[in-house]
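Novice: The structure's right below; bear with me while I get my questions together.
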Amino acid sequence: MSTHPIGRPTTGTLRVPGATLHYEVRGSGPVLLLIPGGSADAALFDAVAPVFTDRWTVVSYDPRGMSRSPLDGPPEDQRVERHGEDAHQLLERVAPDGAPVCVFGTSSGAIAALDLLARHPERLRRVVAHEPPLVELLPDAERHRALFAEVHAAYRREGVAAAMATMSAGTGGGERESERRAADRPQSPPVDDVLPPHLAPMVSRMHANTPYFLEHILRRFTAHLPDVAALERVADRLVPAAGRESRGQLLRRPAALLAERFGGEVVEFPGGHVGIAEHPVEFAEVLATTLG
């Protein structure tokens, strides 16, 4: 593996069916692929990557349709399987020797990471899935399906702010928590005066991405049913993860269910659903320990 700058990333583009992906590479060593969630992009990991670049080749990217990864045509509803294949093709680009890599995904990015593990386990050594909102796995899935349908309806009726307030209240944050975390939640448009400083360069892109996320990603990803049988066959490579502050909240439950199903435990990270934005260095240190 070639050596890449530890500070500023080396950037590249990758043509995939229907889109062109923007990706960033730092450091040297075995590959660690970081997949953002919500309306975030590769910059979500700018404060995380330095913890790893002395011993890992850290790769991050903007998912298709987000920020600097334009679609070939107009926006359309997204499929988890297509996002998983995007990640696989990116691994083929950055690790062409076929060596096993590690993957971290958060929120909707964790759903893509699980799909990647289910269908391409031969490329992966370990996958850390942080709070994948796979509510279809839950026994009360119908209620949560209705929640995300209402989020989408609120977006169409009243716009982004109403949709995000509906989602925050429904997933367990409540109105007060929604106000406190609004700027940090990758699914929501940040508020400049309370955005963590390391995410400031991403603020305008997140604003622009949020309508696309609400219209074309949120319902499709939360309605996704992963191949649990395929994941069970490689459960030793999967680490379900959640935030310490997410205890008792909806977005923690799918990770807990996967851990219980596979006979493991949920690995806890600092903060809540957006802990990587709130506590990037501490979050990265837990991730480093988890990867081993």
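The values are calculated or read from the model by the stated rules, or taken from the named source; none is laboratory data. Just so it is clear, the structure is predicted and the values come from calculations on it, not from any experiment. Don't worry about glycine lacking a Cβ; one is built from the backbone with ideal geometry, like all the others, and counts go over all protein chains shown.
Novice: So which residues in the stretch 51-82 are in contact (Cβ under 8 Å) with a residue 40 or more places away in the chain, in contact with a helix residue (DSSP H, G or I) (Cβ under 8 Å, 6 or more places away or on another chain) and either under 14 Å from H120 (Cα atoms) or assigned to a helix (DSSP H, G or I) (or both), if there are any at all?
Specialist: Of everything in the stretch 51-82, those that are in contact (Cβ under 8 Å) with a residue 40 or more places away in the chain, in contact with a helix residue (DSSP H, G or I) (Cβ under 8 Å, 6 or more places away or on another chain) and either under 14 Å from H120 (Cα atoms) or assigned to a helix (DSSP H, G or I) (or both) turn out to be V51, V80.
Novice: Let me spell it out: the conditions are (1) modelled with pLDDT under 95; (2) buried (at least 21 other Cβ atoms within 10 Å of the Cβ); (3) touching a helix residue (DSSP H, G or I) at 6+ places or on another chain (Cβ under 6 Å); (4) assigned to a helix (DSSP H, G or I), and Y155 meets all of them except one. Which number is the exception?
Specialist: Unmet for Y155, out of (1) modelled with pLDDT under 95; (2) buried (at least 21 other Cβ atoms within 10 Å of the Cβ); (3) touching a helix residue (DSSP H, G or I) at 6+ places or on another chain (Cβ under 6 Å); (4) assigned to a helix (DSSP H, G or I): (1).
Novice: Looking at the structure I just gave you, is G98 free of Cβ contacts under 8 Å to residues at least 40 places away in the same chain, more than 30 Å from S204 (Cβ to Cβ) and in contact with a Lys or Arg (Cβ under 8 Å, 6 or more places away or on another chain)? Write out each step before concluding.
Specialist: Details: free of Cβ contacts under 8 Å to residues at least 40 places away in the same chain: yes; more than 30 Å from S204 (Cβ to Cβ): yes; in contact with a Lys or Arg (Cβ under 8 Å, 6 or more places away or on another chain): yes.
Considered against the rule, which asks whether it is free of Cβ contacts under 8 Å to residues at least 40 places away in the same chain, more than 30 Å from S204 (Cβ to Cβ) and in contact with a Lys or Arg (Cβ under 8 Å, 6 or more places away or on another chain), G98 comes out as yes.
Novice: Filter the stretch 256-273 down to residues that are in contact (Cβ under 8 Å) with a residue 60 or more places away in the chain and not in a helix (DSSP H, G or I) and give me whichever is farthest from the chain's Cα centre (by Cα).
Specialist: The selected residue is V267.
Novice: Looking at the stretch 239-255 only, could you name the residues that are crowded, with 17+ Cβ neighbours inside 10 Å and without any contact (Cβ under 8 Å) to a residue 40 or more places away in the chain?
Specialist: Result: E245, single match.
Novice: Just to verify a result, which residue in the stretch 92-138, among those that are on the phi > 0 side of the Ramachandran plot and in contact with an Asp or Glu (Cβ under 9 Å, 6 or more places away or on another chain), is surrounded by the fewest Cβ atoms within 10 Å (Cβ to Cβ)?
Specialist: G98
Novice: On the given criteria, is V281 over 26 Å from H120 (Cα atoms), surrounded by fewer than 16 Cβ atoms within 10 Å (Cβ to Cβ), in contact (Cβ under 8 Å) with a residue 60 or more places away in the chain and under 18 Å from the mean Cα position of the chain (by Cα)?
Specialist: yes
Novice: Related question: So for the stretch 171-194 (the condition being modelled with pLDDT of 60 or more and part of a helix (DSSP H, G or I)), does at least one residue qualify?
Specialist: Looking for residues that are modelled with pLDDT of 60 or more and part of a helix (DSSP H, G or I), one finds at least one in the stretch 171-194, hence yes.
Novice: Does the stretch 25-80 hold any residues that are out of contact with any Ser or Thr (no Cβ under 8 Å at 6 or more places or on another chain), buried (at least 19 other Cβ atoms within 10 Å of the Cβ) and charged (D, E, K, R), and which are they?
Specialist: R64
Novice: Checking L117 against (1) farther than 14 Å from A19 by Cα; (2) assigned to a helix (DSSP H, G or I); (3) without any contact (Cβ under 8 Å) to a residue 40 or more places away in the chain, only one condition comes out false. Which one?
Specialist: Unmet condition: (3).
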